[in-house]
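S.K.: Quick one: this structure, given as structure tokens, is what I'll be asking you about.
The values are calculated or read from the model by the stated rules, or taken from the named source; none is laboratory data. Predicted, not measured: the structure shown is a model, and the values here were computed from it. No Cβ is skipped: glycine too gets one built from the backbone with ideal geometry, and neighbour counts run over all protein chains shown. Keep in mind that these areas ignore ligands, DNA and RNA; they rest on the heavy atoms of the full protein, side chains included. Shrake-Rupley method; radii C 1.70, N 1.55, O 1.52, S 1.80 Å.
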There are 2 protein chains.
Amino acid sequence: MPSKILSRRDLDFLLYEWLQAETLTSRERYVDHSRETFDAAIDTCERIATDLFAPHNKKSDQNEPHVVSGPAGASVAIIPEVKAALTAFCDAGLVAAGQDVEFGGMQLPCVVEKAGFAYFLAANVGTSAYPFLTIGNANTLQKCGTRQQIEHYVRPMLEGRFFGTMCLSEPQAGSSLSDITTRAEPETGVADGSTDGSYRLFGNKMWISGGEHDLSDNIVHLVLAKIPGPDGKLIPGVNGISLFIVPKILLNADGSLGQRNDVVLAGLNHKMGYRGTTNCLLNFGEGKFKPTGADGVAKAGAIGYLVGQAHKGLANMFHMMNEARIGVGLGAVALGYTGYLHALDYARNRPQGRHPLAKDPAQPQVPIIAHTDVKRMLLAQKSYVEGGLALTLYCARLVDEERTAESPDLRNHATRLLDILTPIAKSWPAQWCLEANNLAIQVHGGYGYTREYNVEQFYRDNRLNPIHEGTHGIHGLDLLGRKVRLQDGTLFRTLSDEVQKTLDRAHQVTALTEHGQALARTWRQLGDVTQALYLVGDLNKTLANASVYLEAFGHAVVAWIWLEQALVAVARLDHPVEQERQFYRGKLQACRYFFRWELPKVQPQLDLLASIDTTTLDMQDEWF
Amino acid sequence: MPSKILSRRDLDFLLYEWLQAETLTSRERYVDHSRETFDAAIDTCERIATDLFAPHNKKSDQNEPHVVSGPAGASVAIIPEVKAALTAFCDAGLVAAGQDVEFGGMQLPCVVEKAGFAYFLAANVGTSAYPFLTIGNANTLQKCGTRQQIEHYVRPMLEGRFFGTMCLSEPQAGSSLSDITTRAEPETGVADGSTDGSYRLFGNKMWISGGEHDLSDNIVHLVLAKIPGPDGKLIPGVNGISLFIVPKILLNADGSLGQRNDVVLAGLNHKMGYRGTTNCLLNFGEGKFKPTGADGVAKAGAIGYLVGQAHKGLANMFHMMNEARIGVGLGAVALGYTGYLHALDYARNRPQGRHPLAKDPAQPQVPIIAHTDVKRMLLAQKSYVEGGLALTLYCARLVDEERTAESPDLRNHATRLLDILTPIAKSWPAQWCLEANNLAIQVHGGYGYTREYNVEQFYRDNRLNPIHEGTHGIHGLDLLGRKVRLQDGTLFRTLSDEVQKTLDRAHQVTALTEHGQALARTWRQLGDVTQALYLVGDLNKTLANASVYLEAFGHAVVAWIWLEQALVAVARLDHPVEQERQFYRGKLQACRYFFRWELPKVQPQLDLLASIDTTTLDMQDEWF
């Protein structure tokens, strides 16, 4: 039976036939790699995801982490399958898959790493969160931390002994990070008045995934906090934010585990989905523990260590934001993809009803995949999840270019594309692969709505993705308010140049001419609308409908990505193997679906934007 | 604090300012009623829904019905608040709200009854299912049953002593009811070879809401089954289907409770939402109980009584289908509506972020309703839920016309409108009020995704509505394949005439001219597309994209409904009370939102249909 987690055939198509991942092996960083080592890494991911992650996905959902009290304070109990799966993940060296060999890493290209990791996200997004947060944390420290911080915290994370978190939000500061109030006070009181560079943190952090558990020896919190000025006040705004390491258990000078730090679990959030990931409210410095500082005094306050420069916390955290956001997009794709494969399997095996032209009730029922409306729902899912996977892997490929392309120009080129595509790579899958899950339920009918089947969980899990790592609305503002204006529009022009190259190639292929013309028209309008929005001269009006802009832009980008895939597929329709020809036919049909059914949805959006509609801006609170 | 269940102001607007419900009191059936009695009935609904239904909505979700074994077989345990709420509902006489005074009913118009019932659906859809299924069951029997059946089964249901179910689906026959295999064998063996008109039923029924519980003294199952022909075989197709009463506990001749019938709980389905409603797999005639039949022999087989004519079961069941489907639409609206009110309340009270032109971080944060993107999400919800409520109440008003209009012509006119609008009234709210719940979560951000808040449950509950009482796809086929063709297109023309009347009025109002023109254009195209689809001469192609047709048709209908509301509102903008003027402004802004943001989505759908696109039809199983 083919895997219902992901399609390896599609991954191979994207990696090798389209994105030419093998050519990366000519770069110095990847010179020890080959298609064989890439495949072996993905094989490992597929195997562990299939054998150890997928089997407890439902159990994790139905037995979510819960608080248990103990002598050392409240802790979180998690079903044992999670630890077993994570041990296998860590033992396979996957935490360090992208890291330097020097750190025990595999030095895999980002595009291959993400392709492999997609298996875990699709198999069990709840369990996957622990290592992927750890990887994000380790990457941030790798970039901004001191040598000693890397040695003390990154190395154990890469070895799977410590897990990591990101502590950004607070109850009163979610999207508006500038309003955080967690304080980081320089540790003073050492006899000679000098400090050891440590701080004491006080405050409450909200939505901390992986914030408390016993899955690892220690938890390394990366915490945003504000250092008070000489007047004791916090600097308003993002400029006052600094980044700190706050370990759950403090380390001794030799890196061994020492005393308990003053960071404690204050409560768990109970989500609609993503239930396998413990999600915590953490209190820093409430005095439950009184760790002894460099001055030898035991007192309240979570001891933390500044990472990078003071007041540059957000910038340091945002180093990793592109990758984190592509990760969210990939997670949304993975859930959509596995839902699609479940729906496809169900549709092939569930007999129900008959064709419109052969309704003889004495004849047996047909499998529902024979109904055009079911094919519509499957084709829509295929176009969303394969489009989304292609988009996120394209972005991962850009990360590799950014890191290893031959010249600074090429690396900058990749950065520009990555910067403008990141809001799309995060938001588009979060919207449309959730819709894919919605359709997967619909294909299953009443069965899909029950917890006896799997697809309703994917739908619940996926609903998080338009919210975290920047809401849909925030990414609209990021794209229209920031990214398309950066460098006087250079990012947008760079992307347009790439689209044009694709259009030029499509123009040569009869089967794709219609699609190429449609995309050319839409892309031209998108440019015109962007200009028109800024000619208004009133930022409130320019940005009022930024979410629509994001959605129109996203659909245009994915149409381009589909045209790219179609260009590969169309050239292989004469493949000698029937099954291969069918695969390419499917790619072309999904591309046709996207161009006929999806891309036209952009037209009314662009018309609305072009009209500088103020319906929402004009609406008054009192009129609701 | 205003109610977060429904807006009474909006209900009053729809009932009295738009639908002129008061004029119904001139009809003989409603002559004892007045605005005061209507309001009193709705007051009662609002009070019981608020005091007894809403408070246990979350508890019901978190403590769903579960199977307990007892000496009399498996039973279902339900939290006690459900029984208390239902007792209050029954004691207030609401089961018989629409019934004749002769049966202890209130003889309320359907439009008033539905307005009141919307409170229960919004407050607690899980608990509401029990009485509403009972009402549907009672109405069916009232229409098709014998005098004795009505006396024995309907009267106790109206008094709240018995509850009712509908047993249609089977594990192998969901959408395709023609494939049911439950057998109903005439009870024979009475000494003289004659029968007493009873049957023995054998088979398995799936998805039976309220199929087993201890909330009432008895459960009256209405069961679709097939009577074998002389050769013992079941007639294939829908023509073989008959309708039966199968009580859980058989009645003695005097109507008192007698022996246990051979219908038993085989298992529960565990749904994503709607968890408060027990949903069962029931086995009929498996022999767990061996009731004694008219022949004095105790044996396996669930004893049932034919309702109406043999082989006319589906037609008898479908008598109630229009109302049941409007009920589903209303349930979807109610969930969308309460979600919207929760989101509105949250948006007014949650401070986060600042305006694009006033980003000084030293200033306090603004409530999120000040952000244009949040207003967009609230306005979208408002346009969906108020549009949906207007649509479903309009249909309920048509039921009243169908029953009580002065002439047969007027009654037929109402029936025609009702027939063509029913697929819309069911499907449109199921799609768009679910989207409203999606947006309600988004407005809440991370909090909305947690079970500590209410909106995620509404979203889960509402996801059922595109599936039950005919899936989305089935209603597309019903509309395009049946309704628009009936009577040579008379239904569609009748609806078009109504739309034209509205357009004529809108044409006189400057503020609504733009909207009127847009709707006129869309409606004309809708007619053209309908014709074009049938000129194709290939039913497979005609019906291939029926779901898109349903969606385009639905948006056009709701645009019309919004224009109707706007015509009322625009005439009242000079109301002396400021708050009233704001209410009407809100109506007009939501109408403007629908016409600027929503109706244009129909254009690419109509273009797609007009092109007779065969992308989905052409797709092959092997290409997936």
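S.K.: Quick one: pull the percent of accessible area on the range B:467-519 belonging to carbon and sulfur, 1.4 Å probe, ligands and nucleic acids left out. It would help to have the intermediate numbers written out before the result.
M.R.: Details: 1250 of 2520 Å².
Using a 1.4 Å probe with all protein chains present, the range B:467-519 comes out at 49 percent carbon and sulfur.
S.K.: Sticking with this structure for a sec: Can you give the FRET efficiency for A:E22 and B:D254, using 1/(1 + (r/R0)^6), R0 = 56 Å, r = Cβ-Cβ distance, to the nearest 0.05? Present the calculation step by step, with values, prior to reporting the outcome.
M.R.: Numbers: r = 85 Å, r/R0 = 1.52.
Rounded to the nearest 0.05, the efficiency is 0.10.
S.K.: Suppose R0 equals 25 Å; then what is the FRET efficiency for A:D214 and A:Q148 from their Cβ-Cβ distance, rounded to the nearest 0.05? Kindly include the intermediate steps, with their values, before the conclusion.
M.R.: Values: r = 27 Å, r/R0 = 1.07.
Using R0 = 25 Å, I get an efficiency of 0.40.
S.K.: Can you sort B:D12, A:D409 by 1.4 Å-probe accessible area, starting with the largest?
M.R.: A:D409, B:D12
S.K.: In addition: Got the relative contact order for chain B handy, in percent, Cα pairs under 8 Å and 6 or more residues apart?
M.R.: Numbers: 1114 pairs, mean separation 74.1, N = 624.
Computed value for chain B: 12 percent relative contact order.
S.K.: Moving to a separate point now. Could you tell me how many degrees, from 0 to 90 and to the nearest 10, lie between the Cα long axis of helix A:546-570 and the main elongation axis, the longest principal axis, of the Cα atoms of chain A?
M.R.: Orientation of helix A:546-570: about 60 degrees from the principal axis.
S.K.: Further, regarding this structure: Total Å² of accessible surface buried at the A-B contact, 1.4 Å probe, nearest 100?
M.R.: For chain A against chain B, roughly 8200 Å² becomes buried.
S.K.: Could the peptides B:14-21, B:33-40, A:239-246 be put in order, highest first, of the mean number of other beta-carbon atoms found within 10 Å of their residues?
M.R.: A:239-246, B:14-21, B:33-40
S.K.: I want to check the label-to-label distance for A:R9 and A:R524. Put each point 7 Å from Cα in the C-beta direction and report it in nm to one decimal.
M.R.: About 3.8 nm separates the two model spin labels.
S.K.: With everything on Cα atoms, drop me the angle between helix A:490-507 and the longest principal axis of chain A, reported from 0 to 90° to the nearest 10.
M.R.: Rounded to the nearest ten degrees, it is 30.
S.K.: Here's a follow-up. Determine the sum of side-chain charges near A:L573: Lys and Arg each +1, Asp and Glu each -1, restricted to other residues whose C-beta is under 9 angstrom from that of A:L573.
M.R.: Taking every Cβ under 9 Å from that of A:L573, the sum is +2.
S.K.: Mean residue ellipticity at 222 nm from the helices of chain A, using -39,500 (n - 2.57) per DSSP H segment of n ≥ 4 over the full residue count, to the nearest 500 deg cm²/dmol?
M.R.: About -15500 deg cm²/dmol.
S.K.: State which entries of B:K143/B:K233; B:K233/B:K288; A:K541/B:K587; A:K541/B:K359; A:K205/B:K4 exceed 20 angstrom in Cα-Cα distance in the structure shown.
M.R.: Going by Cα-Cα distance, B:K143/B:K233; B:K233/B:K288; A:K541/B:K587; A:K205/B:K4 fall outside the 20 Å limit.
S.K.: Continuing with this model, one more query. Please go through the range B:335-422 and write out the GluC sites (Glu not before Pro) that DSSP classes as loop and that have at most 11 other C-beta atoms within 10 Å.
M.R.: B:E406
S.K.: First select every other residue whose beta carbon is under 12 angstrom from the beta carbon of A:S242; then total the charges, Lys and Arg +1, Asp and Glu -1.
M.R.: Once all neighbours under 12 Å are counted, the net charge is +2.
S.K.: Using heavy-atom solvent-accessible surface (probe 1.4 Å) with all chains present, what is the largest-first order of B:T182, B:T188?
M.R.: B:T188, B:T182
S.K.: Other chains near B:449-459: what is the mean number of their Cβ atoms within 10 Å of each residue's Cβ?
M.R.: Shielding by partners across B:449-459 averages 4.
S.K.: Got the relative contact order for the range A:472-619 handy, in percent, Cα pairs under 8 Å and 6 or more residues apart?
M.R.: With pairs under 8 Å counted, the relative contact order is 31 percent.
S.K.: Report the full-extension gain for the segment A:L486 to A:D504: residue separation times 0.36 nm, less the Cα-Cα distance, to one decimal in nm.
M.R.: Length difference between fully extended and current span is 3.8 nm.
S.K.: Another question, if that's okay. Work through the residues other than B:G285 whose Cβ is under 14 Å from its Cβ and net out their charges, Lys, Arg +1 and Asp, Glu -1. Walk me through the intermediate numbers first.
M.R.: Working: positive: B:R183, B:R200, B:K205, B:K226, B:K248, B:R260, B:K288, B:K290, B:K299; negative: B:E170, B:E185, B:E187, B:D262, B:E286.
My count for the surroundings of B:G285 gives +4.
S.K.: Evaluate Rg over Rh across chain B, taking Cα atoms for both radii and Kirkwood's formula for Rh. Each step should come with its number before you reach the end.
M.R.: Details: Rg = 25.3 Å, Rh = 25.8 Å.
Reported Rg/Rh (Cα atoms, Kirkwood Rh): 0.98.
S.K.: While we're here: Per residue, how much accessible area does chain A have with a 1.4 Å probe, in Å²?
M.R.: Computed with neighbouring chains in place, this is 35 Å² per residue.
S.K.: Go through B:K299, A:K143 and list them by solvent-accessible area, largest first, probe radius 1.4 Å.
M.R.: A:K143, B:K299
S.K.: Given a 1.4 angstrom probe, I'd like the percentage of the accessible area of the range A:1-106 that is carbon and sulfur, rounded to a whole number.
M.R.: Answer for the range A:1-106: carbon and sulfur cover 54 percent of the accessible area.
S.K.: Using alpha carbons only, how many degrees (0 to 90, rounded to 10) separate the axis of helix A:578-593 from the longest principal axis of chain A?
M.R.: 80 degrees
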